[in-house]
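Report on the following structure.
The values are calculated or read from the model by the stated rules, or taken from the named source; none is laboratory data. Keep in mind the model is a prediction, meaning the values are calculated, not measured. Counting neighbours? That spans all protein chains shown, and the Cβs are built from the backbone with ideal geometry, glycine included. Note: areas computed on protein heavy atoms with side chains; ligands, DNA, RNA excluded. Shrake-Rupley method; radii C 1.70, N 1.55, O 1.52, S 1.80 Å.
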Amino acid sequence: MEWEQLEYFQTLAREQHVTRAAQILSITQPALSRSIARLESQIGTPLFDRQGRTIKLNKYGELLLKRVDLILKEFQEGKDEIQSLLDPDKGEISLGFLHTLGTTIVPNIIGAFKEEFPHVRFHLKQNHSNWLLENLQSGDLDLCLLASFPEDSKMAWTPLWQEELFLFFPKDHPLANRESITLQEIADEPFILMEEGYALRVTIDSIFEQVGLVPKIMFEGEEVTTIAGFVGAGMGISILPDVKSLDRTKIAKVRISSPKCERTIGIASMEGKFLSPIAEKFKQYIVEHFHLTDI
């Protein structure tokens with residue numbers, strides 16, 4: 001079996017169109033067809049259902065494609081590992097981070113790092129914690145900046161800084177002009193919070209539990225900006241980080257004097273997963289510059 005056969009099969013399986021697949025691979029259609037025919041002969045069964053010009057992956061092809069994807073991914077990672085060792089100051093870093101970190105913190109970190117390593121490329125993904133952790137586990141991300149410690153023992157997590165959480169009120173709320181407030185004072189207020197399972201919601205639930213309060217939740221959202229919008233519309237109050245991108249025209253920020261309200265932002269990676277030298281340098285750069293500092 002030739003290595004190209006696997007690449008040809010993977011491309012045709014994804015395109016399910018001989019002409020397009022041949023164009024992508026820069027080979028002739030007859031050459032592609034002969035390669036697939038040899039592969040099917042070696043496997044011992046057709047991998048595609050053919051009806052005229054239509055070609056569709058069958059159940060045997062779907063099974064083989066899963067294995068071929070893994071083989072080619074491992075091979076590509078091996079090539080990348082070797083190339084990165086040959087040139088440790090270049091390469092690509094796949095970084096995931098929370099939406100709330102995308103306004104200033106992550107751009108500043110990356111900008112400063114690229115001053116030292118101008119040839120590094122970043123592949124950036126911005127999403128909520130659950131999505132980031134799933135993509136870290138799958139290998140699609142090298143590193144993640146997120147809140148709370150991942151319980152998965154296969155993950156390495158280093159705390160970096162403490163981020164204060166504030167109460168946000170509608171601008172016309174009677175308490176909106178206060179310099180500080182306790183959670184007990186607003187125990188009966190309607191709350192708008194992140195959905196259950198999100199890292200910020202886990203932190204907030206823990207804070208309420210500390211003081212023995214059960215918030216009256218009117219609405220749960222997936223985005224901090226959406227929650228702030230509902231607060232501004234007068235539908236409730238919320239606890240959020242001081243995100244610079246929030247529209248402040250209809251909301252007011254008030255410090256929480258009791259209990260202490262903050263979350264820890266850290267950097268996560270998978271234990272045992274190869275990190276290129278440049279990704280390792282970036283991780284150490286972040287740890288050295290932001291370790292347990294206040295942002």
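Of the strands (runs of 3 or more DSSP E) contained entirely in the stretch 189-295, those carrying at least 3 residues that are at pLDDT below 95 and surrounded by 19 or more Cβ atoms within 10 Å (Cβ to Cβ) fall at 262-270. Of the listed requirements (1) part of a strand (DSSP E or B); (2) more than 19 Å from V254 (Cβ to Cβ); (3) not charged (D, E, K, R), F166 misses just one: (2). Scanning the stretch 120-131 for residues that are part of a strand (DSSP E or B), surrounded by 13 or more Cβ atoms within 10 Å (Cβ to Cβ) and not polar (S, T, N, Q) turns up V120, F122, L124, K125. Check the stretch 46-58 and report whether any residue there is open to solvent by 80 Å² or more (accessible area, probe 1.4 Å) and in contact with a Leu (Cβ under 6 Å, 6 or more places away or on another chain). No, there is no match, as no residue in the stretch 46-58 is open to solvent by 80 Å² or more (accessible area, probe 1.4 Å) and in contact with a Leu (Cβ under 6 Å, 6 or more places away or on another chain). Filtering the stretch 89-119 down to residues that are among the β-branched types (V, I, T) and either under 15 Å from K273 (Cβ atoms) or out of contact with any Phe, Trp or Tyr (no Cβ under 7 Å at 6 or more places or on another chain) (or both), which residue is surrounded by the most Cβ atoms within 10 Å (Cβ to Cβ)? Among them, the one singled out is T100. Within the stretch 14-42, residues that are touching a residue at least 12 places away in the same chain (Cβ under 8 Å) have Cβ atoms under 6 Å from residues that are open to solvent by less than 100 Å² (accessible area, probe 1.4 Å) and polar (S, T, N, Q) in these pairs: V18/Q29; A21/T11; I24/T11; L25/T11; S35/Q5; L39/Q5, counting only partners at least 6 apart in sequence or on another chain.
Evaluate the stretch 139-148: report whether one residue or more is open to solvent by 60 Å² or more (accessible area, probe 1.4 Å), within 17 Å of E223 (Cα to Cα), touching a helix residue (DSSP H, G or I) at 6+ places or on another chain (Cβ under 6 Å) and in a strand (DSSP E or B). No.
Taking S180 as the residue in question, decide whether it is under 20 Å from I256 (Cα atoms), at pLDDT 95 or above, out of contact with any Gly (no Cβ under 7 Å at 6 or more places or on another chain) and open to solvent by less than 60 Å² (accessible area, probe 1.4 Å). Yes; evaluated as a whole, the condition is true for this residue.
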